[in-house]
1. Using helices alone, what [θ] at 222 nm do you get for the chain, with -39,500 (n - 2.57) per DSSP H run of 4 or more residues, divided over all residues and rounded to the nearest 500?
2. For the residue pair Ala306 and Glu206, what label-to-label distance in nm results when each label sits 7 Å from Cα along the Cα-to-beta-carbon direction?
3. What is the dipole size for the chain, taken about its Cα centre, with +1 at each Lys and Arg Cβ and -1 at each Asp and Glu Cβ, in debye to the nearest 20?
4. Mind checking the angle between helix 155-168 and the chain's longest principal axis? C-alpha axes, 0 to 90 degrees, to the nearest 10.
5. Which FRET efficiency, nearest 0.05, do Thr253 and Asp52 yield, Cβ-Cβ r, R0 51 Å?
6. Could you work out the relative contact order of region 1-103? I mean the mean sequence separation of Cα pairs under 8 Å and 6+ apart, divided by the number of residues, in percent.
7. At a Förster distance of 45 Å, what's the computed FRET efficiency of Gln297 paired with Met190, Cβ-Cβ distance as r, to 0.05?
8. Would you calculate the separation in nanometres between label points at Arg244 and Arg67, each defined as 7 Å from the Cα along the Cα-to-beta-carbon direction?
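Laboratory data are not the source of any read-out in this text; all were calculated from the coordinates shown. Everything numeric here is computed off the predicted structure, so don't read it as measured data. No Cβ is skipped: glycine too gets one built from the backbone with ideal geometry, and neighbour counts run over all protein chains shown.
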Amino acid sequence: MARKFFLPNLPLVGEEGTWESIVGTIRERILPQVELLGDSLFQANLRPLPIDASIVPIVSENWSRPRQDGTPQFVYLISGHGLMLVEDKLLALTSGQGFYLPKGTLYAPYLMLGKQILLCDWLWFKIHPFGVVVLRSRLTPKAHYQSAHFIVAERRLADLFGEWERERSQPTFDKRLTKGLLLAFFGLLMRSSPFPPTENNWHNQELPLPIQNALTALHRAYNKPITLSQLAAHCGVTPAYLCRLFRRHLGVTPWRYLERLRLQVARYLLQETGLSVADVAFLAGFNDIRNFQRLFQRAYGKTPSAVRRQKKVRFAPVLRVWD
């Protein structure tokens, strides 16, 4: 019996996975299209599901099986041809099209017809009461790539989305109003700053280039699985040499740095959002919630739940996680 093949799930650490790239797409493509098309940018007809359609197998349960999210979201196809399962129907999009998935919609992000996996590049905008979580993902015949989750804790975004959703629920809604709300939503999102920052102050320091490249990669994929070999290859050095550089210049190993970064992200989410501890652990890059709780308490002297109950304190916009 043939062994089922699963595509690897890899971090998107190039320039295309940065917040700046996402902002560029919003500015240059989404906003002009909303101005032209209004709500129809995020509307598309669902088709009957072909007999040979199946979910693309990816080494990640979040991407390779149907799911229902507790948050509504917009999806936008940057390039390629996107096939998605939506409520047992086929959603087929081409470059420059989008779709709105209401809360609780049953969907699977990627479908293939027969054995053919189509290249596609997506933006995902998940709306929460605290703001928006943005993600870029790319599917190729050989691998699946995804950026870090960019957390924008700006409640005005949730308010604008709520107004848009309420207006659209009216029997005869005002398309001019809904278009204006969408323009305001994406305009505010474009001007907002995500956490964690995608760039740090290491470029202003006399750090060796491999360390600068490694720090950039870690910040761009802080909550994605990445091996030391992958990180070293990205920096053009051996794993042992990269570890020596980190210890010499930062006083920590690459994984200790990444652990501290993830813990700072988790603390921010606990103080700034209403997400559950399990969701915070996932978004920060921890797959084992017990391990997350243990590391968090060791780092801050308090449990994640205790930190959430504390008064909110805004973090400085620049992280230094090797101090």
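1. Values: 11 runs with 121 residues, N = 323.
After summing the helix terms and dividing by the residues of the chain, the value is -11500 deg cm²/dmol.
2. Label at Ala306, label at Glu206, 4.2 nm between them.
3. Details: 41 positive and 25 negative charges, 226 e Å.
The calculated dipole for the chain is roughly 1080 debye.
4. It works out to around 10 degrees.
5. Working: r = 48 Å, r/R0 = 0.93.
For Thr253 and Asp52, the calculated efficiency is 0.60.
6. On the way: 113 pairs, mean separation 30.7, N = 103.
It rounds to 30 percent for region 1-103.
7. Numbers: r = 37 Å, r/R0 = 0.83.
Once rounded, the FRET efficiency stands at 0.75.
8. So the label points at Arg244 and Arg67 sit 4.1 nm apart.
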